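Worksheet: the structure to be examined is printed underneath.
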Amino acid sequence: MIRPLLRAGIEVVPDAVPGSAIPHVVGYERERVFGFHLVDYKDPRFVERLNEAWYDLATSSGLIDGNREFLLRLPRGTRTAEEDRRRRTMRVWHRVRLLERWDLMGAGAATFLGVRAGLPGFAMLALDNSVWLLADTYETGAAVYAVRDPAGSPGVLRELERLAGKDEDREFRREVGEWLESRRRHRTTGADRVG
């Protein structure tokens, strides 16, 4: 997994995912979405413009920190993108650093960040949980967009509660349960200090 990501301009920072990282699920409210950029497949500079849109949104939304680091959902324990697609390996957060030269929508989408060059499909999270940044494909083009404060989304929290008891992947279910319990403890401690 490391070499293809390096070709895409992403360096994995091993064993450095913050315990506070919210698990990624669908369920956020529409009003939390901002910065939606769709690039038409017919655009002669399609991949280049998609990369530009991603970088503009990643920097303006606060996804990338001062060390150019953020979290990226990648397969757990898969060596190749083909194996990941075949086995549908569970994806988890990995801390990564954006290198000086990168191509997420071309070289990246051809590996773990999509189906092939120009067809991205990935989720990223700011280290402070303030924003999810997503890339996906649509009928007329591919897009990047951001979701503000996913940990504060009632829809996301409902989905996490549901998955904590029902998800088939035991490891993911455990991670969701630990995150929810940590959130409860933090809220209780904060409420005690206020009262």
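The values are calculated or read from the model by the stated rules, or taken from the named source; none is laboratory data. Keep in mind the model is a prediction, meaning the values are calculated, not measured. So basically every Cβ, Gly included, is an ideal-geometry build from the backbone, and we count neighbours across all protein chains shown. Accessible surface is based on the protein model in full, side chains and every heavy atom, while ligands, DNA and RNA are left aside. Shrake-Rupley method; radii C 1.70, N 1.55, O 1.52, S 1.80 Å.
Some points to look at:
- C-alpha long axis of helix 170-194 to longest principal axis of the chain, angle in °: 50 degrees
- Derived scalar couplings ³J(HN,Hα) [the stretch 58-74; Karplus, 6.51 cos²θ - 1.76 cosθ + 1.60; whole Hz; x for Gly, Pro]: 4, 7, 6, 7, x, 4, 8, 8, x, 9, 6, 10, 6, 9, 9, 7, 9
- Residue-span extension gain [ASP40 to ARG97] - 0.36 nm each, minus C-alpha spacing: 17.7 nm
- Residue by residue, the stretch 137-149 carries 3J(HN,Hα) couplings of 10, 10, 4, 9, x, 10, 9, 10, 7, 10, 10, 6, 6 Hz when phi is fed to the Karplus relation 6.51 cos²θ - 1.76 cosθ + 1.60 (θ = phi - 60°); x denotes Gly or Pro.
- Accessible area per residue for the chain, computed on protein heavy atoms with a 1.4 Å probe, is 55 Å².
- MRE, 222 nm, helices only [DSSP H, n ≥ 4, -39500 (n - 2.57), over the chain, to nearest 500]: -11000 deg cm²/dmol
- Scanning residues 5 or more positions from LEU125 or on other chains, those with amide H under 5 Å from its amide H are LEU71, LEU72, LEU133, with H placed 1.01 Å from N in the peptide plane.
- Only protein heavy atoms count here; under a 1.4 Å probe, ILE64 has an accessible surface of about 30 Å².
- Solvent-accessible ranking of ARG101, ARG7, ARG49, largest area first, probe 1.4 Å: ARG101, ARG7, ARG49
- Among VAL176, VAL26, VAL12, the largest mean-square fluctuation in a Gaussian network model of the chain, built with springs joining Cα atoms closer than 10 Å, belongs to VAL26.
- Largest GNM mean-square fluctuation across GLU31, GLU178, GLU52, computed for the chain with C-alpha springs under 10 Å, falls on GLU31.
- Taking all protein chains together and a 1.4 Å probe, the residues LYS42, LYS166 rank LYS42, LYS166 from largest to smallest accessible area.
- With R₀ set to 22 Å, the beta-carbon distance separating ARG158 from VAL17 gives a calculated FRET efficiency near 0.40.
- For the chain, with all protein chains in place and a probe radius of 1.4 Å, 48% of the accessible heavy-atom surface sits on carbon or sulfur.
- By a 1.4 Å probe calculation restricted to protein chains, HIS24 has an accessible surface near 30 Å², given to the nearest 10.
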